[in-house]
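Here's the structure, in structure tokens; my notes come after.
The values are calculated or read from the model by the stated rules, or taken from the named source; none is laboratory data. Small disclaimer: the values here were computed from a predicted structure and weren't measured. Every residue, glycine among them, receives a Cβ derived from its backbone with ideal geometry; neighbour counts consider all protein chains shown. Areas reflect the complete protein model, heavy atoms only, side chains present, ligands, DNA and RNA absent. Shrake-Rupley method; radii C 1.70, N 1.55, O 1.52, S 1.80 Å.
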Amino acid sequence: MWVYEKKLQYPVRVSKCDPHMAKLLMEQYGGADGELAAALRYLNQRYTIPDKVIGVLNDIGTEEFAHLEMIATMIYKLTKDATIEQLEQAGLDAHYAAHDKALFYNNAAGVPFTATYIQAKGDPIADLYEDIAAEEKARATYQWLIDLTDDVDLQDSLKFLREREIVHSLRFREAVEILKDDRETKKIF
């Protein structure tokens, strides 16, 4: 079913060790509007979505896992050469005490990932509007992360992810319109 190429969806480069930026990126790793929550949300919702748009949720949900891999790579590269003192200065001392430099699904404030981030109402249009909101919140977060770093290499990867959030939002909006049109079409049995 899967073919795995040992390359990221888009290259991830960083120009310097920056544990503080790594801490901020954790928001997109294990936060409410991050990539893990998005992937799980869409892949879960696809079971109650009409066949006409199920592929949108499947495609975007699996792409979110590729984005999660990119975020993990960024965090790893930003911390791999960090000293304990740099981790402490970045506010990652509690993370280090519990996980060393290993990644853990938590947000930038250190709050662990929870399934309460994954919304599913069972109403296709309500779920798609939830998905649009999730993509727009992720887009905004990526913009703020871009604003918080002067690393042009890192900004490049973050800009790619921000643009994908825009595309996902547009695809979910298209899916809403497909379902609305279908709902308003007279059905003859």
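A dipole drawn for the chain from +1 and -1 charges on Cβ atoms has a positive end, and of THR149, LEU57, ILE132 the residue lying farthest that way is LEU57.
Residue-normalised convex hull volume from the C-alpha trace of the chain: 119 Å³ per residue.
Between rounded, prolate and oblate, where does the stretch 18-76 land on the alpha carbon gyration tensor, with a ≥ b ≥ c its root eigenvalues, rounded for a/c under 1.5, else prolate if a/b exceeds b/c?
Prolate, since a/c reaches 1.5 and a/b exceeds b/c.
Positive-end ranking of ALA72, PRO11, ALA90 along the dipole of the stretch 1-122, with charges on Cβ about the Cα centre, is headed by PRO11.
At q = 0.16, 0.19, 0.26, 0.29 Å⁻¹, what log₁₀ I(q)/I(0) does the stretch 63-131 have when each alpha carbon counts as one equal point scatterer in the Debye sum? With no solvent term, the Cα-only Debye profile gives -0.69, -0.85, -1.23, -1.34. Measuring nothing but protein heavy atoms, the accessible surface of the chain at 1.4 Å probe radius is 55 percent carbon and sulfur. Protein heavy-atom accessible surface, 1.4 Å probe, per residue over the chain: 54 Å². Name the shape class, rounded, prolate or oblate, that the alpha-carbon gyration tensor gives for the stretch 1-105, where a ≥ b ≥ c are the square roots of its eigenvalues, rounded holds for a/c under 1.5, and otherwise prolate holds if a/b is larger than b/c and oblate otherwise. Taking the square roots of the gyration eigenvalues as a ≥ b ≥ c, the stretch 1-105 is prolate.
Shown for the chain are the DSSP H helices of 30 Å or more along their axis, judged by Cα atoms, with a mean Kyte-Doolittle hydropathy of at least 0.0: 54-79. Using a ≥ b ≥ c from the Cα gyration tensor of the stretch 98-182 (square roots of the eigenvalues), is it rounded, prolate or oblate, where a/c under 1.5 gives rounded and otherwise the larger of a/b and b/c decides, a/b for prolate? Taking the square roots of the gyration eigenvalues as a ≥ b ≥ c, the stretch 98-182 is oblate.
When the helices of the chain are scored as -39500 (n - 2.57) per DSSP H run of n ≥ 4 and the total is divided over every residue, the value at 222 nm lands at -21000 deg cm²/dmol.
Close amide H pairs (under 5 Å, H built 1.01 Å from N) link ASN106 with GLY30, PHE113, residues at least 5 positions away or on another chain.
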